[in-house]
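Enquirer: Below is one structure. I have some questions about it.
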Amino acid sequence: MKQKKVLRIIKSSYCFLFVLFFLLHLSSEIVFSQEKFYFNADFSVFKGSEGKSEVELYFSFTQRGLTFIKKDASTSSYFDAMANVEVLILNKQTNNIIFNEIYGLQSRVTDTAKNTLSSKLIGQQNYLLASGEYFLKLIGSDFNNKEHIAIDSFDISLPVYDSAKSCMSSLQIATSIEKSKDKKSLFYKNGFEITPNPSFLFGNNLNSLHYYVEIYNIRKEFTSDSVFNIIELTDANSGKLVFRSEKLQTSRSSAFIELGVIPLDSASTGPYILRIELIDRVNNKSIDKQKKLYVFNTSKTANFGQVEDKGYLQSEFVVMTEVQVNEEYDKIIYVRTSPENKEWDKLKTLDEKRKFLYSFWKRRDMNDTPRFEMRDEYFKRLKEANIKYKEGFKDGWKSDRGRIYIVYGIPSNVDRHFFEPDTKNYEVWQYDYVEGGTMCVFGEIQTSGEGTYVLMHATMRNEIRDPNWLVKLKK
């Protein structure tokens, strides 16, 4: 598939950027390093041609975090910076790398004042992929400073499109959506210029949330005349509904687009969930998609005292309740250390606990992004463990299998042994990429068939070891 190099600079209302092609023959004199390096990435999946999916990858850099080099031309001086994005796509079923490309986003400015660099470099790449399981890895870097590097990754499951079923694309959030006829534009889609927001961050100068979604085969399952589109924005912490729109869907075509804008001027700082639902109340059918985003609104932020790290004030921790804070602390039991436990015991106020959790995840953050990817992955695994490994009245994340799943992730292979004549039920989990290759054994040591599995043996460091585990499983 032929890929193209991309360049996109989004201008704010109070700055103007001069963007020119990079001239290789110009000499560099002075290197200007700005603020913290930030790289963000996101993706959306839409129905493509030939039964495949159109995967759109979005990525952005804050210009202030890039390193600008002073250049002298014959008539004037200016500054150059370039951000690189390496995109790697792995087919998880064949273990083959199907794409590995590097794209560049360039910027040239006449000076490096903060107001000049207040905008972002934003890029997009599209890939047509067959149904299946994929791993996507994006590496963002500063061409002029090798120490500036950040990584984001996603696991993507692409569907098989059934012409007899209704379905919905990803819910894309954007900074702006405008009508357009420029099909050569990087962000053109179905008559619109859709500028993505890979950071998920809104507020202050960006106080309008734009959304876009595609719905396919609408009249295959949604057959009544009472089909409604419902758009909701909910405060993720309080559960309070802050915006709701419901309208009758009058389109009779097999596919249609739903887009709109939600004002965020009055939204308080914190995380929100955007959800769109298509519902046929007569036939009791519905499909929906949702997306998490963050709002940082200085006029709506409570005073939490002097906090040096602005990232804390932009995070969801600043508005977490006492119940939410204590619940999160309980659930991170598998990754907190003894010194951190002692530190927590000394905390007196809710504010101190909020800042503790923010610092806890910041210490473990590997990427310079507003999100803490390790936290996202941890609670994603915890949620999955609750579904997969619930045992009686015990939550799945509290079980032995749940703990191993949360700490080490999805095993490379699971060998299950059920209803063998002389042995109780047990499972052997293999991890090919943990500590060079490890395994663990869970057995139903009490009553065969009751579904409670205990960790009996593991080769990971600091886990229980018992070479005689098989003997103990004999009936």
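Enquirer: With Cβ to Cβ distances under 15 Å as the rule, what net charge do the other residues near CYS167 carry (K, R +1; D, E -1)?
Expert: That works out to -1.
Enquirer: Set the Förster radius R0 to 45 Å, insert the Cβ-Cβ distance between ALA130 and ASP351 as r into 1/(1 + (r/R0)^6), and round the FRET efficiency to 0.05.
Expert: 0.35
Enquirer: Taking each pair of distinct Cα atoms in region 304-356 once, what is the resulting Kirkwood hydrodynamic radius in Å?
Expert: When all Cα pairs of region 304-356 are included, the Kirkwood radius is 11.9 Å.
Enquirer: For the pair SER238 and SER266, what calculated FRET efficiency results from E = 1/(1 + (r/R0)^6), where r is the Cβ-Cβ distance and R0 = 25 Å, to the nearest 0.05?
Expert: Efficiency, rounded to the nearest 0.05: 0.95.
Enquirer: About the Cα centre of the chain, how large is the charge dipole given +1 on each Lys and Arg Cβ and -1 on each Asp and Glu Cβ? Please answer in debye to the nearest 20.
Expert: 540
Enquirer: Using only DSSP helix segments of four residues or longer, with each worth -39500 (n - 2.57), what per-residue ellipticity at 222 nm results for the chain after dividing by its residue count and rounding to 500?
Expert: -4000 deg cm²/dmol
Enquirer: Each label point is 7 Å from the Cα along the Cα-to-Cβ direction; what then is the distance between the points at SER412 and ASN341, in nm?
Expert: Spacing of the two 7 Å Cα→Cβ label points: 3.2 nm.
Enquirer: Enumerate the amide H contacts of VAL227 below 5 Å, restricted to partners 5 or more residues apart or on another chain; note that Pro and chain-start residues carry no placed amide H.
Expert: GLN249
Enquirer: Can you pull the one-decimal nm distance between simple spin-label points at ILE98 and ILE445, each 7 Å off the Cα toward Cβ?
Expert: 4.5
Enquirer: Something else: I want to make sure I understand the PRE zone here: with the label point 7 angstrom from the Cα of ASP422 toward its beta carbon, which residues in region 453-475 have backbone N atoms less than 12 Å away?
Expert: It comes to 471, 474-475, nothing else.
Enquirer: How do ILE215, ILE410, ILE464 rank when sorted from fewest to most other Cβ atoms within 10 Å of their own Cβ?
Expert: Lowest to highest Cβ neighbour count: ILE410, ILE464, ILE215.
Enquirer: For HIS210, what residues show an amide H to amide H distance below 5 Å, using hydrogens built from the backbone and excluding near sequence neighbours?
Expert: Sorted by chain and number, the residues that satisfy this are ALA174, ILE262.
Enquirer: Excluding TRP361 itself, calculate the net charge of residues whose Cβ lies under 10 Å from the Cβ of TRP361, where each Lys or Arg counts +1 and each Asp or Glu counts -1.
Expert: Spelling it out: positives minus negatives among the neighbours equals +1.
Enquirer: For the chain, return all DSSP H helices satisfying: extent of Cα atoms along own axis at least 15 Å; mean Kyte-Doolittle hydropathy at least -1.0.
Expert: none
Enquirer: On full extension of the chain, what length is gained from SER157 through VAL471, given 0.36 nm per residue of separation minus the C-alpha to C-alpha distance?
Expert: So the chain would gain 109.0 nm between SER157 and VAL471.
Enquirer: If each residue's Cβ is checked for other Cβ atoms within 10 Å, how do LEU90, LEU350 rank with the fewest at the top?
Expert: The most exposed by this proxy come first: LEU350, LEU90.
Enquirer: So what are the three principal axis dimensions of region 162-301 from its Cα atoms, in whole Å, longest to shortest?
Expert: Principal-axis extents of region 162-301 (Cα, largest first): 47, 41, 22 Å.
Enquirer: Next question. Give me the distance in nm between label points sitting 7 Å out from Cα along the Cα-to-Cβ direction at ALA164 and ARG364, one decimal.
Expert: Result for the modelled spin labels: 4.6 nm.
Enquirer: Please identify the trypsin sites (Lys or Arg not before Pro) of region 180-268 that satisfy two criteria: DSSP loop assignment and at most 12 other Cβ atoms within 10 Å. Which are they?
Expert: Counting only loop positions with at most 12 other Cβ atoms within 10 Å, the trypsin sites (Lys or Arg not before Pro) in region 180-268 are LYS181, LYS183, LYS184, LYS240, ARG252.
Enquirer: Another one. Using 0.36 nm times the number of residues separating GLU435 and ARG461, minus their current alpha carbon distance, what extension gain do you get?
Expert: Result for the pair: 8.5 nm of gain on full extension.
Enquirer: Another question, then. Which whole-Hz couplings ³J(HN,Hα) result when phi for each residue of region 435-443 is put into the Karplus expression 6.51 cos²θ - 1.76 cosθ + 1.60, θ = phi - 60°, listed in order with x for Gly and Pro?
Expert: 6, x, x, 9, 8, 8, 10, 10, x
Enquirer: Can you grab the distance from the C-alpha centre of region 199-224 to the C-alpha centre of region 165-194, Å, no decimals?
Expert: So the separation of the two Cα centres works out to 10 Å.
Enquirer: Round to the nearest 0.05 the FRET efficiency obtained for ASP182 and VAL323 when R0 = 45 Å and r is the Cβ-Cβ distance.
Expert: E(calc), rounded to 0.05, equals 0.35.
Enquirer: What are the residues whose amide H is under 5 Å from the amide H of MET439, where those residues sit 5 or more places off or on another chain and H is modelled from the backbone?
Expert: TYR431, THR459, MET460
Enquirer: Right, something else. Computed over the Cα atoms of the chain, what is the convex hull's projected area averaged over all directions, in nm²?
Expert: Dividing the Cα hull surface by four gives the mean projection, 28.3 nm².
Bear in mind these aren't lab numbers, they're just calculated from the coordinates by the rules spelled out. What you see is a predicted model, and the numbers here were worked out from it, not measured in a lab. A quick note on method: Cβ atoms are made from the backbone with ideal geometry, for glycine too, and the neighbour counts reach across all protein chains shown.
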